[in-house]
Amino acid sequence: MGFIQEPPRLGNQYDEDPALRALLARRLPADVRQAIKPELRELGHEVADWWPAQVAQHAVEPRHVPFDAWGNRIDTVELSDFWRRAPALAARWGLVAAGYEPRFGPHARVHQFALAYLFTASSEIYSCPLAMTDGAARCLIASGNRALVERAVPHLTSRDPATFWTSGQWMTETAGGSDVSNTGTVARPDGQGGWTLHGRKWFTSAIVSEMALTLARPEGAGAGGDALALYYVEPRGEDGRFRGLVIDRLKPKLGTRKLPTAEITLDGLPATLVGEPRHGVRQIAPMLNVTRLWNGIAAVSLLRRGYALALDYARRRRAFGRPLIEHPLHARTLATIACELEAGLELGFEVAALLGRVEHHPADRDAAALLRILTPVAKLATGRIAVAGLSEVVEAFGGAGYIEDTGIPTLLRDAQVLSIWEGTTNVLALDTLRALAQAGGPGIWRDAVERELAGLPAGMSGTRGSCATSPIARRRGSPPPARIERSSSPGLAGSR
Ligand code: MFK
């Protein structure tokens, strides 16, 4: 027999994730934890079950069909098997709904993001439309536009596959990705109280969604970001065809290739104004903050998948006479990934917990200010941890990690977008400064850090392990963690 390697296997992704279970034990009351445990365990099993077929179909990408055989413009998008099943799965698991249901009060968001964390790594980035759907629901509720809330929010938060909708978030244009104030799309009154949109959107993620929120400049409103307005659109008419919208092409991307991200031209798309006909950036900000949290949870989800695979592989694969996990340097590399993964997980779920608290206790102004500060911090930190950590994961597989049909490269390519979309690291660093500049910002930040340090076991608050110089210790330029006392990750014994 030649050179045959055993592939890594995935077990139940809830049972095999002690960091998630420890986090939920700290953050949730026992009754909530007990109530959600069966569904988390079931989802942990399902996502592991989906994975081999997803790896086998790694090369299948969405396909844009602009015309039918007879020359009619149809702009259909053919999707992967999983993407066709995903809306029903998302509704059934309540991946958006769980965040809005009253039964767990302020703990709803931790519940929802525990589901999202388990789901995302096996979602072929279907988490992207779910993030935008959640963000759109939050944004419409914040707008106070009752007609639109009644029209869309029951769909966006539905558990019924027959009524569930996803939403797009169309912001990026050729003139500006980070600098949204350059938006060139124009909104024209249609003479009947509505509007039509005219322009070009350069990145529209998940063009298959039933609705979208988008920015446009009301005709004659003048230049600059303040003159933009927020619009609600349903891009398809009753016949299921796009109206006033043409797909120019699907983007050929480095990663997230299952996600049908489109360039589109709008010419007469009917639109409804969400709020006042200006301050659109301010109005869409609630959506951005929710999608940034999803981004953070996606980052730790993808890294967790890479780590789980690398850990299993290290126990099977032998080199120099013993399993990889018994080689101290390799075990140390995995320990470093686990350490930063847990740090990212804590940060992401801190934001999820804060969001739940703020939604249920709007008068808690300190929590709201901390949420505003930590959202960009968590998004930027986890995005970079995921990219650096998944690069380590690829390397931990040796040559196999570089081969497409192992499924490992997809994890790294998908992670790379997490530090780009929804605000690059530098844009978010500036956003953090803007948030800190709010009244009381620095004090609220300092108090939060001191609270966290006070909660650490004695002697740990001064530790400068690799997590202190993240991501992945600037690719291992500094020493690995001296001790990983709180880590309950399996397989780390070799590193201690
Ligand atoms: C698996 C996970 C998937 C995740 C989902 C992926 C979906 C991807 C789809 C996409 O659409 S990706 C494109 C996303 N685009 C961005 O994230 C844009 C990045 N640029 C920024 O974030 C800029 O900071 C921003 C455009 C928001 C700044 O715009 P401006 O024109 O310079 O506005 P300005 O003056 O800074 O802010 C305008 C108002 O909004 C201010 O309020 P006031 O009018 O009351 O003064 C700001 O305080 C407010 N604001 C801005 N950012 C905010 C915010 N308020 C709350 N939270 C924020 N984050």
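The values are calculated or read from the model by the stated rules, or taken from the named source; none is laboratory data. Bear in mind the structure is a predicted one, so any value in this text is a computation, not a measurement. Neighbour counts are summed over all protein chains in view; Cβ atoms, including those assigned to glycine, are modelled from backbone coordinates with ideal geometry. Only protein heavy atoms, including side chains, enter the accessible area calculation; ligands, DNA and RNA are left aside. Shrake-Rupley method; radii C 1.70, N 1.55, O 1.52, S 1.80 Å.
General remarks:
- Residue among 118, 65, 345 farthest towards the positive dipole end of the chain, charges placed on Cβ: 345
- Computed over the stretch 377-438: relative contact order in percent, which uses C-alpha pairs under 8 Å that are six or more apart: 40 percent
- Using the Cβ-Cβ distance between residue 439 and residue 276 with R0 set to 22 Å, the FRET efficiency works out to roughly 0.35.
- Between residue 168 and 211, 212, 213, the built amide H atoms are under 5 Å apart, and every one of these is 5 or more places off in sequence or on another chain.
- Under a 5 Å amide H cut-off, with hydrogens placed 1.01 Å from N, residue 245 pairs with 267 among residues at least 5 apart or on other chains.
- Most positive-pole-ward Cα, 355, 400, 410, against dipole of the stretch 284-476 from beta carbon charges: 400
- Debye-formula intensities of the stretch 121-209, expressed as log10 I(q)/I(0) at q = 0.14 Å⁻¹, are -0.64 (one equal scatterer per alpha-carbon, no solvent).
- Gyration tensor (Cα) of the stretch 167-280, equivalent ellipsoid semi-axes in angstrom: 22, 18, 11
- Probe 1.4 Å - accessible area at residue 100, Å² to nearest ten: 50 Å²
- Whole-angstrom gap from the stretch 202-263 to the stretch 110-166, using each part's C-alpha centre: 17 Å
- √(5λ) per eigenvalue of the Cα gyration tensor, the chain, largest first, Å: 38, 27, 20
- Using the Karplus relation 6.51 cos²θ - 1.76 cosθ + 1.60 with θ = phi - 60°, the per-residue 3J(HN,Hα) values for the stretch 307-313 come to 5, 4, 5, 5, 5, 5, 4 Hz, with x marking Gly and Pro.
- Gained length - residue 241 relative to residue 426, 0.36 nm times residue gap less alpha-carbon distance: 62.7 nm
- Estimated vicinal HN-Hα couplings, Hz - the stretch 282-292 in sequence order (Karplus 6.51, -1.76, 1.60; Gly, Pro = x): 4, 6, 8, 4, x, 5, 4, 5, 6, 5, 5
- Selection among 420, 391, 298 by position relative to the dipole of the stretch 284-476 gives 391 as farthest towards the positive end (Cβ unit charges, Cα centre).
- Across the stretch 139-148, rounded Karplus estimates of 3J(HN,Hα) from the backbone phi angles (6.51 cos²θ - 1.76 cosθ + 1.60, θ = phi - 60°) give 5, 5, 4, 5, 6, x, 6, 4, 4, 6 Hz, Gly and Pro being marked x.
- Put simply, the amide H of residue 256, placed in the peptide plane, has neighbours under 5 Å in 414, leaving out anything fewer than 5 places away on its chain.
- Kirkwood estimate for the stretch 284-476, i.e. one over the average of 1/r between Cα atoms, Å: 17.8 Å
- Label-to-label distance, nm, for residues given as residue 402 and residue 49 (7 Å Cα→Cβ offset): 3.7 nm
- Restricting the chymotrypsin sites (Phe, Trp or Tyr not before Pro) of the stretch 1-70 to loop positions (DSSP other than H, G, I, E, B) with no more than 11 neighbouring Cβ atoms within 10 Å leaves 3, 70.
- Each stretch of four or more DSSP H residues adds -39500 (n - 2.57); spread over every residue of the chain, this sum gives -16000 deg cm²/dmol at 222 nm.
- The chain: relative contact order in percent, alpha carbon pairs under 8 Å with at least 6 residues between: 15 percent
- Share of carbon and sulfur in the accessible heavy-atom surface of the stretch 225-312 [1.4 Å probe, %]: 49 percent
- For the stretch 109-166, the per residue solvent-accessible surface stands at 27 Å², with DNA, RNA and ligands left out and a 1.4 Å probe.
- Dipole magnitude (debye, nearest 20) for the chain, charges at Cβ of Lys, Arg, Asp, Glu: 1060 debye
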